[in-house]
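J.: Once you've had a glance at the structure underneath, I'll fire off some questions.
Nothing in this text is a laboratory measurement; each read-out follows from the coordinates by a stated rule. Small disclaimer: the values here were computed from a predicted structure and weren't measured. Every residue, glycine among them, receives a Cβ derived from its backbone with ideal geometry; neighbour counts consider all protein chains shown.
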Ligand SMILES: [Fe+2]
Ligand SMILES: [Fe+2]
């Protein structure tokens, strides 16, 4: 149960239903932006008691449907990330690129921000593809093998990297770079708000970008705040 002192990252971890609510209220819960709920509510001029009551209700609606990420095997979490979050990026990135290209052709002379957004999307696509590939081919198998070795023989994995903390640090640095690019896109697009005279493609593009941003936040939260800390703890507690 959340208290005013619980951090937004802890609440997001323990009450998955809170994530959509935080997004709706504009409260950060990930990537170093987590803070005590009371402080976050103060910053957004929200009543902490009403937010806690809403959190409790949101939890009741879906309790029992979402996995408890703090208890699921790491292998299951890795598989879930690949099948849902990575699959979403692979399907959505080409669509975003093509919408951006279309808009740049039509409107970039009067709206220079569209060209900048398109460049950021192209560079994000290259970076994300490489990032997902490394997680799927290197880091997630490393974590899964470590967990299996510990379960089967009580031994920690000795393949490759030494401590799992090392590849995780590199991966989290990449998350920061990816997050910084999304922040730039958010700023250039005025928080995904199209201008008054925008065409339907533009509306569609910003709606898709907003969804992508929110999906990416959930994805990075599951890796940064659930999977990686649990993998490091598992590794280090077995020496
Ligand atoms: Fe990932
Ligand atoms: Fe990642």
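J.: How far is helix 87-107 tilted, in degrees, relative to the longest principal axis of the Cα atoms in the chain, given as a value from 0 to 90 rounded to the nearest 10?
T.: 20 degrees
J.: Say R0 is 35 Å: what FRET efficiency, to the nearest 0.05, do residue 214 and residue 148 get from their beta-carbon distance?
T.: That pair, residue 214 with residue 148, gives E of 0.60.
J.: Where the Cα atoms of region 95-179 are projected onto their three principal axes, how long is each span, largest first, in whole Å?
T.: 64, 20, 15
J.: Separate question: Between residue 68 and residue 108, what length comes free when the chain is fully extended (0.36 nm per residue of separation minus the Cα-Cα distance, one decimal in nm)?
T.: Numbers: separation 40, 0.36 × 40 = 14.40 nm, distance 4.55 nm.
Full extension from residue 68 to residue 108 adds 9.8 nm.
J.: Relative contact order of region 103-203: what whole-number percent is it, with Cα pairs under 8 angstrom and at least 6 residues apart?
T.: Values: 41 pairs, mean separation 32.7, N = 101.
Relative contact order, region 103-203: 32 percent.
J.: Pairs of alpha-carbon atoms within less than 8 angstrom and 6+ residues apart define the contacts here; what relative contact order does region 41-127 have, in percent?
T.: Numbers: 21 pairs, mean separation 14.1, N = 87.
The normalised contact order for region 41-127 reaches 16 percent.
J.: Return the tail of the calculated pair distribution for the chain, meaning the percent of Cα-Cα pairs more than 27 Å apart.
T.: Looking at the chain, the distances longer than 27 Å represent 44 percent of pairs.
J.: Between residue 92 and residue 126, how many nm apart are label points set 7 Å from Cα along the C-beta direction?
T.: The modelled label-to-label distance comes out at 2.2 nm.
J.: Using only the Cα atoms of region 1-46, build the gyration tensor, take square roots of its eigenvalues as a ≥ b ≥ c, and label the shape rounded, prolate or oblate: rounded if a/c is under 1.5, else prolate if a/b is larger than b/c, else oblate.
T.: On the way: a/c = 1.34, a/b = 1.16, b/c = 1.15.
The shape class here is rounded.
J.: Something else about it: Percent relative contact order of the chain, based on C-alpha pairs within less than 8 angstrom and at least six residues apart?
T.: Values: 187 pairs, mean separation 58.2, N = 239.
This gives 24 percent for the chain.
J.: Still on this structure: If you line up the long axis of helix 112-134 against the longest principal axis of the chain, both from Cα atoms, how many degrees apart are they, to the nearest 10?
T.: The two axes meet at around 20 degrees.
J.: Let me ask you something else. For helix 165-188, what angle does its Cα long axis make with the longest principal axis of the chain, in degrees from 0 to 90 and rounded to 10?
T.: The angle comes out near 20 degrees.
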